[in-house]
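Got a structure for you, questions after.
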């Protein structure tokens, strides 16, 4: 049995969100190597699988924080069997203080946060943002669907998100809003503490005129350098692939590296937000055209197929994979 890639992820404490990202990344590998040549396995079982399958690449993804997940054996066996070991940190910068748990073992490291790449003591660290999955997130934009929701947001009510919501809330008066996620219920009508599944969320995107994109501020182990997230999270790309028209709350200029203003509306103040609301809600065709442009950009530049292409190119440039 000869596999090209073993993808290691998860364990007993892997979150549902991490699990979904893992399956999306696996899909990206399969688009390059084919389903039969990409083996997905938990980190605790990876060493035995590497000995048996003898892959070219051992690709670990997710969190490096849980001490129950030991990467050393995986990398040792990979080296013995002649495979390159790669880690993609998909939770940076929120766990950055614990990155010593991967810097001594892996040949190559990628981090999902641009600024976090500066805080690794490792010779081969690169920035690789998260993305969208064509299979999981893409939905054709159906202009026949009636958009009954004026403004939608789905996500946990972190402190920074509550601050933004309090600031823009006057502009939301008299609109049909759905703000969904743990911690929002205290805000009253239009707000809910509910948790929803991915398929439900995509359906809500289709029924919403505007989808808010608000960053998060949950830091597990990021107390030493206190690195602020420096680029869009995966939900940005996932929502765009699903056909959402997004209002992105801008804390820095990073969003402009991924989308232009014709593809995604950007605001930083309530004045900006209110002006954008009036412009878009009074022009349904603009909502559709903006969503289409964002979706097209995402499918062209921001899928896991494209991210894995970057990984493969980087490994070849570093001499870990032979040119074919």
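The values are calculated or read from the model by the stated rules, or taken from the named source; none is laboratory data. Quick caveat, the model's predicted, so the values are computed rather than measured. Every residue, glycine as well, gets a Cβ built from its backbone with ideal geometry; the counts of neighbours run over all protein chains shown.
Go through region 147-161 and report how many residues are modelled with pLDDT of 95 or more and not in a strand (DSSP E or B). Show your work before the answer.
Of all residues in region 147-161, those modelled with pLDDT of 95 or more come to 147-154.
Right, trim to not in a strand (DSSP E or B) and you get 147-148.
Residues meeting the conditions: 2.
In the list 98, 78, 49, which residue meets the criterion of being assigned by TED's automatic domain parsing to the domain that holds residue 115, closer than 20 Å to residue 117 by Cα and touching a residue at least 12 places away in the same chain (Cβ under 8 Å)? Talk me through it step by step, then tell me what you get.
Numbers: 78 fails: closer than 20 Å to residue 117 by Cα; 49 fails: closer than 20 Å to residue 117 by Cα.
The match here is 98.
Same structure again: Only one residue in 216, 207, 307, 235 is out of contact with any helix residue (DSSP H, G or I) (no Cβ under 8 Å at 6 or more places or on another chain) and within 30 Å of residue 99 (Cα to Cα). Which one?
Values: 216 fails: out of contact with any helix residue (DSSP H, G or I) (no Cβ under 8 Å at 6 or more places or on another chain); 207 fails: within 30 Å of residue 99 (Cα to Cα); 307 fails: out of contact with any helix residue (DSSP H, G or I) (no Cβ under 8 Å at 6 or more places or on another chain).
None of the other options fit; the residue is 235.
To keep it simple, each residue is scored yes or no on (1) under 17 Å from residue 307 (Cα atoms); (2) touching a helix residue (DSSP H, G or I) at 6+ places or on another chain (Cβ under 7 Å); (3) assigned to a helix (DSSP H, G or I).
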{"residue": "75", "(1), (2), (3)": "no, no, yes"}
{"residue": "82", "(1), (2), (3)": "no, no, no"}
{"residue": "94", "(1), (2), (3)": "no, no, no"}
{"residue": "102", "(1), (2), (3)": "no, no, yes"}
{"residue": "105", "(1), (2), (3)": "no, yes, no"}
{"residue": "109", "(1), (2), (3)": "yes, yes, no"}
{"residue": "129", "(1), (2), (3)": "yes, no, no"}
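Among the residues of region 110-120, is there at least one that is modelled with pLDDT under 95, surrounded by fewer than 20 Cβ atoms within 10 Å (Cβ to Cβ) and either under 21 Å from residue 320 (Cβ atoms) or over 23 Å from the mean Cα position of the chain (by Cα) (or both)?
Yes, region 110-120 contains a residue that is modelled with pLDDT under 95, surrounded by fewer than 20 Cβ atoms within 10 Å (Cβ to Cβ) and either under 21 Å from residue 320 (Cβ atoms) or over 23 Å from the mean Cα position of the chain (by Cα) (or both).
Residue 117 is checked against (1) without any contact (Cβ under 8 Å) to a residue 12 or more places away in the chain; (2) under 23 Å from residue 198 (Cβ atoms) and fails just one. What number does that condition carry?
It is condition (2) that residue 117 fails.
To continue, here is another question. Return the total of residues in region 81-93 being over 13 Å from residue 117 (Cα atoms) and either surrounded by fewer than 19 Cβ atoms within 10 Å (Cβ to Cβ) or out of contact with any strand residue (DSSP E or B) (no Cβ under 6 Å at 6 or more places or on another chain) (or both).
2
Tell me, please, whether a residue that is modelled with pLDDT of 95 or more and part of a strand (DSSP E or B) can be found in region 42-58.
Looking through region 42-58, at least one residue is modelled with pLDDT of 95 or more and part of a strand (DSSP E or B).
Go through region 124-136 and report how many residues are over 14 Å from residue 257 (Cα atoms) and in contact with a strand residue (DSSP E or B) (Cβ under 9 Å, 6 or more places away or on another chain).
We begin by selecting, within region 124-136, every residue over 14 Å from residue 257 (Cα atoms); these are 124-126, 132-136.
Those left that are additionally in contact with a strand residue (DSSP E or B) (Cβ under 9 Å, 6 or more places away or on another chain): 124-126, 132-134.
Of the residues in that region, 6 qualify.
Here are 166, 161: which of them is in the same structural domain as residue 286 (by TED's automatic domain parsing), closer than 19 Å to residue 214 by Cα and surrounded by fewer than 20 Cβ atoms within 10 Å (Cβ to Cβ)?
Details: 161 fails: surrounded by fewer than 20 Cβ atoms within 10 Å (Cβ to Cβ).
Just a single option satisfies the conditions, and that option is 166.
Taking the stated definitions as given, is residue 175 buried (at least 20 other Cβ atoms within 10 Å of the Cβ) and either in a loop (DSSP other than H, G, I, E, B) or modelled with pLDDT of 95 or more (or both)?
Values: buried (at least 20 other Cβ atoms within 10 Å of the Cβ): no; either in a loop (DSSP other than H, G, I, E, B) or modelled with pLDDT of 95 or more (or both): yes.
No; evaluated as a whole, the condition is false for this residue.
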